[in-house]
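See below for the structure under consideration.
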Amino acid sequence: MSSLFERIGGKPAVEAAVDLFYEKVLADNRIKHFFEGVDMKRQANHQKMFLTYAFGGAPNYPGKSMRQAHQRLVDDLGLTDEHFDAVIENLGATLKELGVADDRIGEAAAIAESTRNDVLCR
Ligand code: HEM
């Protein structure tokens, strides 16, 4: 069976979703502060990485690099489950708005979910 990444539409679909997801994340009072002071290019890169990962199209990040990437957020800014949940919620809302079917949205959420403990450094 082809990957979710391919079924959702591959790279062009990720690119279409990035801007919408980016807008939602930066307008969300529960999480926007984590991106304060982070340069725009890295923010855009983050949204792309997150979505590519959620679509099952990412190279497998070792847990170690996911931990390293988010350690400061956990230690200094208190990144925790409620923030992770908010990001997943924004992912769902983005895909829904783009007309992606609910079962595929569920699949994407499950893939993102698989990184939770690494991103939250535990
Ligand atoms: C599936 C879950 C996630 C994935 C795949 C992911 C991916 C990544 C990657 C690859 C980086 C390094 C990016 C770079 O250096 O350019 C990163 C950094 C970062 N992530 Fe995530 N992330 C996830 C969840 C989250 C969550 C839940 C938050 C906050 C609510 C978050 C906020 C950030 C921030 C603020 C950075 C730092 C960017 C910087 O310092 O330049 N991430 N993430």
Considering only protein heavy atoms and a 1.4 Å probe, what is the carbon-and-sulfur percentage of the accessible area of segment 4-119? 52
Starting from the residue with the highest accessible area, list Ser114, Ser65 in decreasing order, probe 1.4 Å. Ser114, Ser65
Over segment 40-86, what per residue volume does the convex hull of the Cα atoms give, in whole Å³? 96
Considering only DSSP states other than H, G, I, E and B, which GluC sites (Glu not before Pro) in segment 76-122 qualify as loop sites with at most 16 other Cβ atoms within 10 Å? none
Run the 1.4 Å probe and let me know the accessible area of Asp75, rounded to the nearest 10 Å². 100
With respect to the cross-link table entries Lys11/Lys41; Lys48/Lys96; Lys11/Lys32; Lys11/Lys96; Lys24/Lys96, which display a Cα-Cα separation exceeding 22 Å? Lys11/Lys32
With the 8 Å Cα cutoff and a minimum separation of six or more residues, segment 1-96 has a relative contact order in percent of 42
Using a 1.4 angstrom probe on the protein heavy atoms only, could you order Met66, Met40, Met49 from most to least accessible area? Met40, Met49, Met66
Give me the number: length gained by fully extending Ala69 to Ala16, i.e. 0.36 nm times residue separation minus the C-alpha to C-alpha distance, one decimal in nm. 16.6 nm
Over the chain, with neighbouring protein chains present, the accessible area per residue in Å² at probe 1.4 Å is 57
Long-range Cα-Cα pairs in segment 4-119 (distance over 19 Å), rounded percent: 42
Viscosity 1.567 mPa s, temperature 4 °C, Stokes-Einstein D of segment 1-72 from Kirkwood C-alpha radius, µm²/s: 98
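The values are calculated or read from the model by the stated rules, or taken from the named source; none is laboratory data. Being a predicted model, the structure only gives us computed values, none of them experimental. A quick note on method: Cβ atoms are made from the backbone with ideal geometry, for glycine too, and the neighbour counts reach across all protein chains shown. We work out accessible area using only protein heavy atoms, side chains counted, and drop any ligands, DNA or RNA first. Shrake-Rupley method; radii C 1.70, N 1.55, O 1.52, S 1.80 Å.
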